[in-house]
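*Asks:* This is the structure I want to talk about, given as C-alpha cells.
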Amino acid sequence: MSSLPLVSALGITAKVPALKKPVVPVAERYQAMAQAAVRRKRIQTVLPWVVALAVLVLWEVVCRAFKIPQFVLPPPSAVAASMLKWWSPLMSNAGQTLMTTLAGFAIAVGVGLVLGVALGSSTMVYHGLYPLIIAFESVPKVAIVPILILWFGIGTVPAILTSFLIAFFPIAVNVSTGIATVEPELRDVLRALGAKPLDIIKKIGIPRAMPYFFASLKIAITFAFVGSIVSETVGANSGIGHLIMLASSRFDVPLVFSGLVVTSVMGVSMYVLARIVENRVTGWATRGRT
C-alpha cells in the first residue's frame, strides 16, 4: 500500500496510508441504474395524475375563496354535478363527435400520407403544390364551415370535412420531411445498385418517414377534434359543439365545461392510443423519449 508524506508545522514528516476510492462492482452499478429507471418510470406514470389533481384542487379553492359565480367560472364540483345530471345527452353527443372526428381523421391519414410521399419524393410536386397547400392552410377553417354547410347541408358531412381539412396538413408535412431527409449518398448508392426511384421510396423513404408519420398522428388527432367541434358549433343538430352552443344560450356554464371535459378526455385517449401504436411500430426511434 502506498503512502503520502505529511509535513507538520514542526517540520516532522510522517507516513500515512493513502485513501483509495471504493470499487463498486459493475453488476451493482447496472442494478442501481435499473432500479433508478424503474423509479423514474413510476414517477412519470403518476406525475400527470398528481398535476391534474393539484390543478383541480387549486381551481376549486380559488372559486370558493373568491366566491366566483358559476356562470363566470364554475368549480370542478359543479362541473362534475352537471356531468352526472346530463350524462345521457353528453354521451350521445360525444358519440356523434367521436364518429365525425374519426371519419375525418381517417381521410386525413390517407390523403396526408399520399400527399406527403408525393411532396417528399418529387421536387417538381413540392414546388408546384406546397405553396397552394400553405395558402389553403392559412385560411381559417371557421370561415370555410359556412361554405361546407351551404354545399352539404347541416349535419355530419361538414363536420367530417372540417376535421379532415384541419388534420391532413401536419401529416403531409411530416411525411414529406421524413422522405426528403434521406441522405443523397444513400440514394446514389441505391441507384448505382440498380434500384428504381419507386424502390428507394418503398425500401428507404417510407420506413425513414415512419417516426415523423406517427409523431404527426398525435398532433392531427387533436386537430381533428377541433375541426369537428368548430363545425358543430356553426351548424349541426348533434355533437358536443352543438351541445355547448345550447348550454351557452341558457347560460349553463357548468354544462359547457362538461362538454369541454368530455372532449378533452376523448382527445387524450386518442393521443395515448396513437402513442402506443407509435411505440410498437417505431420503438427503435422513439425509445427513451415517450
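The values are calculated or read from the model by the stated rules, or taken from the named source; none is laboratory data. If you're wondering where the values come from, they're calculated on a predicted model, not measured in any experiment. Please note: Cβ atoms are built from the backbone with ideal geometry, for glycine as well, and neighbour counts cover all protein chains shown.
*Asks:* May I ask you to list the residues in the range 80-94 that are over 20 Å from S269 (Cα atoms), buried (at least 18 other Cβ atoms within 10 Å of the Cβ) and not small (G, A, S)?
*Replies:* The one that is over 20 Å from S269 (Cα atoms), buried (at least 18 other Cβ atoms within 10 Å of the Cβ) and not small (G, A, S): W86.
*Asks:* Of the residues I107, I43, which single one is modelled with pLDDT of 95 or more, closer than 25 Å to A274 by Cβ and part of a helix (DSSP H, G or I)? Working first, answer last.
*Replies:* Numbers: I43 fails: modelled with pLDDT of 95 or more.
Exactly one of I107, I43 is modelled with pLDDT of 95 or more, closer than 25 Å to A274 by Cβ and part of a helix (DSSP H, G or I), namely I107.
*Asks:* Which numbered condition in (1) assigned to a helix (DSSP H, G or I); (2) touching a helix residue (DSSP H, G or I) at 6+ places or on another chain (Cβ under 9 Å); (3) of a type outside the set (V, I, T); (4) over 23 Å from G178 (Cα atoms) is the only one that S269 fails?
*Replies:* (2)
*Asks:* Does the range 236-246 contain any residue that is assigned by TED's automatic domain parsing to the domain that holds T101, surrounded by fewer than 22 Cβ atoms within 10 Å (Cβ to Cβ) and not in a helix (DSSP H, G or I)? Give the steps one after another, and end with the answer.
*Replies:* The initial filter retains those residues of the range 236-246 that are assigned by TED's automatic domain parsing to the domain that holds T101, namely 236-246.
From what's left, surrounded by fewer than 22 Cβ atoms within 10 Å (Cβ to Cβ): 237-238, 245-246.
After this cut, where a residue has to be not in a helix (DSSP H, G or I) as well, the list is 237-238.
Yes, there is a match, as at least one residue in the range 236-246 is assigned by TED's automatic domain parsing to the domain that holds T101, surrounded by fewer than 22 Cβ atoms within 10 Å (Cβ to Cβ) and not in a helix (DSSP H, G or I).
*Asks:* Now for a separate question. For the range 183-210, which residues satisfy the criterion of being of a type outside the set (A, V, I, L, M, F, W, C) and either crowded, with 16+ Cβ neighbours inside 10 Å or in contact (Cβ under 8 Å) with a residue 24 or more places away in the chain (or both)?
*Replies:* First, the residues of the range 183-210 that are of a type outside the set (A, V, I, L, M, F, W, C): 183-185, 187-188, 191, 194, 196-197, 199, 202-203, 205, 207-208.
Correct list: P197, G205, R208.
*Asks:* Next up: Among the candidates P158, P131, P89, single out the residue that is at pLDDT below 90 and in a helix (DSSP H, G or I). Working first, answer last.
*Replies:* Values: P158 fails: at pLDDT below 90; P89 fails: at pLDDT below 90.
After ruling out the rest, the residue left standing is P131.
*Asks:* Any residue in the range 209-231 that is more than 21 Å from the chain's Cα centre (by Cα) and not in a loop (DSSP other than H, G, I, E, B)? Write out each step before concluding.
*Replies:* In the first step, residues of the range 209-231 are kept if they are more than 21 Å from the chain's Cα centre (by Cα); the result is 231.
Narrowing further to those that are not in a loop (DSSP other than H, G, I, E, B): 231.
There is at least one residue in the range 209-231 that is more than 21 Å from the chain's Cα centre (by Cα) and not in a loop (DSSP other than H, G, I, E, B).
*Asks:* Against the condition within 25 Å of the chain's Cα centre (by Cα), surrounded by fewer than 21 Cβ atoms within 10 Å (Cβ to Cβ) and without any contact (Cβ under 8 Å) to a residue 40 or more places away in the chain, how does L260 come out, does it pass? Step through it out loud before you land on a result.
*Replies:* Values: within 25 Å of the chain's Cα centre (by Cα): yes; surrounded by fewer than 21 Cβ atoms within 10 Å (Cβ to Cβ): yes; without any contact (Cβ under 8 Å) to a residue 40 or more places away in the chain: yes.
Criteria met by L260.
*Asks:* Continuing with this model, one more query. Out of all the residues in the range 119-148, which are of a type in the set (G, A, S) and in contact (Cβ under 8 Å) with a residue 40 or more places away in the chain?
*Replies:* Restricting attention to the range 119-148, the residues satisfying the condition of being of a type in the set (G, A, S) are 120-122, 128, 135, 138, 143.
Result: G120, S121.
*Asks:* Still on this structure: For the structure I just gave you, tell me whether A159 is buried (at least 24 other Cβ atoms within 10 Å of the Cβ) and within 30 Å of L84 (Cβ to Cβ). Before you say what the answer is, go through the steps one by one.
*Replies:* Details: buried (at least 24 other Cβ atoms within 10 Å of the Cβ): yes; within 30 Å of L84 (Cβ to Cβ): yes.
Against the criterion (buried (at least 24 other Cβ atoms within 10 Å of the Cβ) and within 30 Å of L84 (Cβ to Cβ)), A159 qualifies.
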